[in-house]
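The structure appears below as structure tokens.
Just so you know, all these numbers are worked out from the coordinates, no wet-lab data involved. Remember, predicted model here, so these are calculated numbers, not experimental data. For neighbour counting, all protein chains shown are included, and Cβ atoms are generated from backbone atoms with ideal geometry for every residue, glycine included.
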Amino acid sequence: MPADEIRDLLPSRADWRTLGSLKEEWNVSLQSLLYRARTLGVMSDVTYKNAMAYLSAKGWRRREPGPVPALEQPSLFAKSVEILESVGVSEKDLAHEARVPLELFRAITARHPQWGDAEKSAEDDSLPAGVVSLFAS
């Protein structure tokens, strides 16, 4: 949230309606908006502490109301793997060097990670779908 773009939009008091709109517009949490308001000097420390206490009392520190911000998918890892594969460094070699199971490496470096494929669950029935063992051989 660049200071020059967000400063004038942030409320000096805990205006939950305004904060809720900003949460949706900026795709961030209420807590991050409150923190940014405090760090930019828009909101006083006392107001910030009271707002955070209110969030806690409402149970919003763990589960905020409103839409859940969309998770960004990293693209740098996937592009790096593509470039390395184009010069002969395989995904398997990279996973080995990173000392992680290939399945975990693929999940971390994928543009759109998907966990627990059919092959994995057929290999190891002791792990629930979506869980990758860090100790796999």
Order these peptides, 87-97, 4-14, by their mean beta-carbon neighbour count within 10 angstrom, highest first. 4-14, 87-97
Going by C-beta contacts inside 10 Å, put Lys58, Lys23 in order with the fewest on the left. Lys58, Lys23
Positive minus negative residues near Ala95 (Lys, Arg vs Asp, Glu; Cβ under 13 Å): -2
